[in-house]
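Inspection log for the structure reproduced underneath, given as structure tokens.
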Amino acid sequence: MSIDRRCYGDPGVFARELETIFAERLFVGTQADFARPDDYRSLRIGRKAVTIRRTRSGVRAFDNVCLHRNALIDLPGCGNRPFRCGYHGWSYADDGALAAAPLADRAGIARCRLGSYPVSESDGLHFLGLGGAAPVVDEVAQVLADTGVVPDTPFHAAVMEHACNWKLLVENVLEGYHLSFVHGNSFRPAGFTSTGRYAWHGGRHTSWSELLSADAADKTAALRRLAPQAGHFYRHAYVFPDLFLSNTNGLVGFLSHVIPEDATRTRLAWRLFELPALKALPPALRQHMQEEAIAFTQQALAEDKVLVEACQQGLEAEGFEVQLQPQEARIAHFHALYLARTNDV
């Protein structure tokens, strides 16, 4: 059974998704994002403003609204700064307790602690549990091992706005059926097409796939002359509901995550990082391959953006329920995970 097409634009459905799906497990950053004390990432999801910070007791998450006048403590984005509101200097301890309130009457302050949320970590990836339960991440290590992704400090990062529901972005990356038709200037010249050899597996909150080129287009020998650990493959991992990671040829890693803004607007934050085989190459060659990876990714994402936004427009017109094909089995798996959490049958 597939997701009802009305769920791709209904504000009520979107509100329920925030309360159920995105409250269960939300990707908030990598080990590189929280490397130093007072490193933080601040985000807004629905009506919740949250800051995730590296404290002396580890990575922790708190409400990001000051107890004094409701200003944001950490402005949206990321950085490194003391846990202190910039408006009147109220500061907070590592457990979210009010530590200092300059010139204030402490006896008249009724609320003295920020709300907090559990954070789970697996293989350098951090996930937030806005619903109050620690996010389950038991499959993350295996899906990274299966795809050979080793998250690291990015050499490039960007954000792209999409005029579509977040689920369309998920569905688009969970199949290779569209590659030959959409990616004539990116995946297809790289040897990855709709008829490539494809395998996938799904778990309770993850899935992964491997796409190999057709035999006639295989470049494994040439790539291994360049880097012995390389190959000609595209491996992709998905952690429900919002995180994607991929491994291109054993050289370049890609991490992206969806940030839902409302029922029909979604941001995609993405970054590229070197895998160990690329790090072993000479500096000039590494830089060249980084530049190629940036250009490839920008091209591929731009090609996808046109189509997912066209899907949104089609869903807002009169139409029919989707007819998933065998090549789209990972989408069917995603739909099953979604329906199990929303009971939206």
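Of all the residues in the range 121-153, those that are of a type outside the set (D, E) and farther than 28 Å from A15 by Cβ number 13. Of the residues making up the range 242-263, none is out of contact with any Lys or Arg (no Cβ under 7 Å at 6 or more places or on another chain), of a type in the set (V, I, T) and more than 21 Å from A300 (Cα to Cα).
Given the criteria part of a loop (DSSP other than H, G, I, E, B), closer than 25 Å to N64 by Cα and not β-branched (V, I, T), does G184 qualify? In short, no.
When T20 is tested against (1) of a type in the set (V, I, T); (2) out of contact with any Phe, Trp or Tyr (no Cβ under 9 Å at 6 or more places or on another chain); (3) over 30 Å from T264 (Cα atoms), exactly one condition is not met: (3). Taking first residues from the range 33-45 that are without any contact (Cβ under 8 Å) to a residue 24 or more places away in the chain and partners that are outside any strand (DSSP E or B) and open to solvent by 50 Å² or more (accessible area, probe 1.4 Å), the Cβ contacts under 8 Å between residues at least 6 apart in sequence or on separate chains come to P37/R56. Close contacts from the range 201-216, counting a first residue that is open to solvent by 30 Å² or more (accessible area, probe 1.4 Å) and a second that is among the charged types (D, E, K, R) and at pLDDT below 95, with Cβ to Cβ under 8 Å and a gap of 6+ residues or different chains, come to L212/R197; L212/D218; A214/R197.
For the range 80-100, indicate whether the set of residues that are within 30 Å of H232 (Cβ to Cβ), open to solvent by 20 Å² or more (accessible area, probe 1.4 Å) and modelled with pLDDT of 95 or more is non-empty. Checked the range 80-100: no residue is within 30 Å of H232 (Cβ to Cβ), open to solvent by 20 Å² or more (accessible area, probe 1.4 Å) and modelled with pLDDT of 95 or more.
Of the residues making up the range 150-174, just one is among the charged types (D, E, K, R) and either under 14 Å from A300 (Cβ atoms) or surrounded by fewer than 16 Cβ atoms within 10 Å (Cβ to Cβ) (or both), namely E161. For the range 45-64, which positions are open to solvent by less than 50 Å² (accessible area, probe 1.4 Å) and not in a strand (DSSP E or B)? G46, N64 - these are the residues of the range 45-64 that are open to solvent by less than 50 Å² (accessible area, probe 1.4 Å) and not in a strand (DSSP E or B). Determine whether L67 is part of a strand (DSSP E or B), surrounded by 18 or more Cβ atoms within 10 Å (Cβ to Cβ) and out of contact with any Gly (no Cβ under 8 Å at 6 or more places or on another chain). Here the answer is no, as L67 does not meet what is asked.
Among the numbered conditions (1) outside any strand (DSSP E or B); (2) out of contact with any Asp or Glu (no Cβ under 8 Å at 6 or more places or on another chain); (3) crowded, with 19+ Cβ neighbours inside 10 Å; (4) in contact (Cβ under 8 Å) with a residue 60 or more places away in the chain, the only one that L18 does not meet is (3). I'm checking my understanding of the structure. Among residues of the range 70-79 that are exposed (fewer than 12 other Cβ atoms within 10 Å of the Cβ) and in contact with a strand residue (DSSP E or B) (Cβ under 9 Å, 6 or more places away or on another chain), which one is modelled with the highest pLDDT? Across the range 70-79, the extreme among qualifying residues is G79. In the range 80-172, counting only strands (runs of 3 or more DSSP E) that sit wholly within it, the ones holding 3 or more residues that are within 30 Å of E274 (Cα to Cα), in contact (Cβ under 8 Å) with a residue 12 or more places away in the chain and touching a strand residue (DSSP E or B) at 6+ places or on another chain (Cβ under 8 Å) span 119-122, 125-128, 156-162.
The values are calculated or read from the model by the stated rules, or taken from the named source; none is laboratory data. Because the structure is a prediction, the values reported are computed rather than measured. Using ideal geometry, Cβ is built from the backbone for each residue, glycine included, and neighbour counts are taken over all protein chains shown. For accessibility, only protein heavy atoms count, side chains too; no ligands or nucleic acids. Shrake-Rupley method; radii C 1.70, N 1.55, O 1.52, S 1.80 Å.
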